[in-house]
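Participant: This is the structure, below, for whatever I ask next.
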Amino acid sequence: MIYFCWMEIIRHEISLLHAKLNMAPAVAILGPRQVGKTTLAIQAAKSLHAAYIYLDMESGQDVAKLGDDPESFFEFYKDKLIIIDEIQAFPILFSRLRSIIDRDRRNGRFLLLGSASPNLVHGVSESLAGRISYLDLHPFKLSEIIPHFSMQFHWFRGGFPMAFLAKTDAIYSDWMQSYIRTYIQTDLSTLFGYNLNPSITAKLWNMLAHLHGAMANMQDLSRSVGVTAPVINRYIDFLEGAFLVYKLQPWFTNAGKRLVKAPKIYIKDSGILHSLLSIGNIDILNVHPIVGASWEGYVIEQIMYHAEPTLQFFFYRTHTGTEIDLLIVKGAKPVAAIEIKYSNIPTPAKGFFIGIDDLQTKQNFIITPASDTYPHKNAMVCNLSTFIKDYLPNL
């Protein structure tokens, strides 16, 4: 029986990875587990016709190869691209690589793959600043799966390759439930070197799914889970550091307004969100109370994935009801305001246009799933695909 559709989806990051390998002695690909980091690394090595050696730091056999003297191992393979997977599991390598690179600063020597933010990995104290370039690898992006799959299919399943390419929704659901269970029971503790309580992780993750897109109140979360607010903050930091949730920060430079200053929290992949909420197919999603918040998170996620690194993202809300779902900032200047609607005949809230007046943004959009493109007051209505293709590159 065939469980997965093994079609090749070309990741846009491969050309960027080629460029980074030509510019730095070490490149780190960072992203959640099972997002395709190893596949991308090996594809890049093969397309560059580079001889390579692969090490997995969660494999006792590969760790044994390095022994107590990784410098000698790397010297023996100095003419090959050395790919080191799950490097956060062997944090002493960060300090060893610093001295190794300083002795031989040829570009493209090391390709490091990590499933956790280096800033949160216990024991990582040595900096590779000036020696390493970082590449964030996200789940499949909308532009990578069009025209082979629909946007609705992508929104429901999310972008993790094994979940996205599952032959049926039942197989997708089974894979995703196993993925979530493994993270709750072992992976978060393994990634960060802390003994995290699986019960707290499970309760928190499920609560965050129900609060997807809402402002985070740590006191309320801590009372519901039964732990202190600092503990909740630590667990959320770990989920964020594992690239599983993200905080959208408020924009609050307007001193003349009473502004909301708490961040919004989103589950980073829509497929994980739907699995946490036991949403088994797109028909159930379309009538579920989370549908609007899910669509909002998906739109924000896809815009972030496709945007140039010079852009920053916030939301804007005042205590009087003025609100912009997504504010795009370049430098210190807001350049675009976005209202997100799960309707192809959207009726924007009055507070959106008040926010535009507050911030004086020149480009403003109302993003829908599949509407035509047309002006509405001082904003442009368009669908998500059109915005990503035609408008986002020019911001």
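The values are calculated or read from the model by the stated rules, or taken from the named source; none is laboratory data. Just so it is clear, the model here is predicted, and its values are computed rather than measured. Because the Cβ atoms are built from the backbone with ideal geometry, glycine has one as well, and the counts that use them run over all protein chains shown.
Participant: With His288, His319 as the choices, which residue is modelled with pLDDT under 95, over 17 Å from the mean Cα position of the chain (by Cα) and surrounded by fewer than 22 Cβ atoms within 10 Å (Cβ to Cβ)?
Facilitator: Matching residue, one of His288, His319: His319.
Participant: I've got another one for you. Identify all residues within the stretch 171-181 that are free of Cβ contacts under 8 Å to residues at least 60 places away in the same chain and hydrophobic (A, V, I, L, M, F, W, C); write none if there are none.
Facilitator: Just the residues of the stretch 171-181 that are free of Cβ contacts under 8 Å to residues at least 60 places away in the same chain, to begin with: 174-175, 178, 181.
Within the stretch 171-181, just Trp175 meets the criteria.
Participant: Hey, can you tell me all the residues within the stretch 182-203 that are part of a helix (DSSP H, G or I) and free of Cβ contacts under 8 Å to residues at least 40 places away in the same chain?
Facilitator: Selection gives Thr182, Ile184, Gln185, Thr186, Ser189, Pro198, Ser199, Ile200, Thr201, Ala202, Lys203.
Participant: Can you tell me which of Pro25, Pro32 is of a type outside the set (Val, Ile, Thr), surrounded by 15 or more Cβ atoms within 10 Å (Cβ to Cβ) and under 28 Å from Met162 (Cα atoms)?
Facilitator: Pro32
Participant: Considering the stretch 341-355 alone, what residues qualify as being within 21 Å of Gly213 (Cβ to Cβ) and either among the β-branched types (Val, Ile, Thr) or touching a residue at least 60 places away in the same chain (Cβ under 8 Å) (or both)?
Facilitator: Scanning the stretch 341-355 gives Thr347, Ile354.
Participant: Please state which one of Lys65, Lys37 is basic (Lys, Arg) and either more than 19 Å from Ile132 (Cβ to Cβ) or exposed (fewer than 15 other Cβ atoms within 10 Å of the Cβ) (or both).
Facilitator: Unique residue meeting the criteria: Lys65.
Participant: Among the residues of the stretch 260-285, count how many are part of a helix (DSSP H, G or I) and within 15 Å of the chain's Cα centre (by Cα).
Facilitator: 4
Participant: Need the failing condition index for Gly355 against (1) at pLDDT 95 or above; (2) outside any loop (DSSP other than H, G, I, E, B); (3) buried (at least 16 other Cβ atoms within 10 Å of the Cβ), just the number.
Facilitator: Among (1) at pLDDT 95 or above; (2) outside any loop (DSSP other than H, G, I, E, B); (3) buried (at least 16 other Cβ atoms within 10 Å of the Cβ), Gly355 violates only (1).
Participant: Search the stretch 147-165 for residues that are assigned to a loop (DSSP other than H, G, I, E, B) and pair each with any residue that is modelled with pLDDT of 95 or more and among the aromatic types (Phe, Trp, Tyr) when their beta-carbon atoms are under 6 Å apart and the residues are at least 6 apart or on different chains.
Facilitator: Within 6 Å, the pairs are Gly159/Phe140.
Participant: Here are some residues: Ala214, Ala293, Ala242. Which one is surrounded by fewer than 20 Cβ atoms within 10 Å (Cβ to Cβ), in contact (Cβ under 8 Å) with a residue 12 or more places away in the chain and within 21 Å of the chain's Cα centre (by Cα)?
Facilitator: One residue alone meets the criteria, Ala214.
Listed here are the residues, each with its yes/no results for (1) under 15 Å from Leu17 (Cβ atoms); (2) β-branched (Val, Ile, Thr); (3) crowded, with 17+ Cβ neighbours inside 10 Å.
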residue: Ser47; (1), (2), (3): yes, no, no
residue: Ile53; (1), (2), (3): no, yes, no
residue: Glu86; (1), (2), (3): no, no, yes
residue: Leu120; (1), (2), (3): no, no, yes
residue: Arg131; (1), (2), (3): no, no, yes
residue: Leu135; (1), (2), (3): yes, no, yes
residue: Pro139; (1), (2), (3): no, no, yes
residue: Pro147; (1), (2), (3): no, no, no
residue: Met151; (1), (2), (3): no, no, yes
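Participant: Another one. Exactly one of (1) within 32 Å of the chain's Cα centre (by Cα); (2) over 15 Å from Pro118 (Cβ atoms) is unmet by Asp79. Its number?
Facilitator: Status for Asp79: all satisfied but (1).
Participant: Do you know which of the residues in the stretch 40-59 that are of a type outside the set (A, V, I, L, M, F, W, C) and more than 15 Å from Ile92 (Cα to Cα) is modelled with the lowest pLDDT?
Facilitator: The selected residue is His49.
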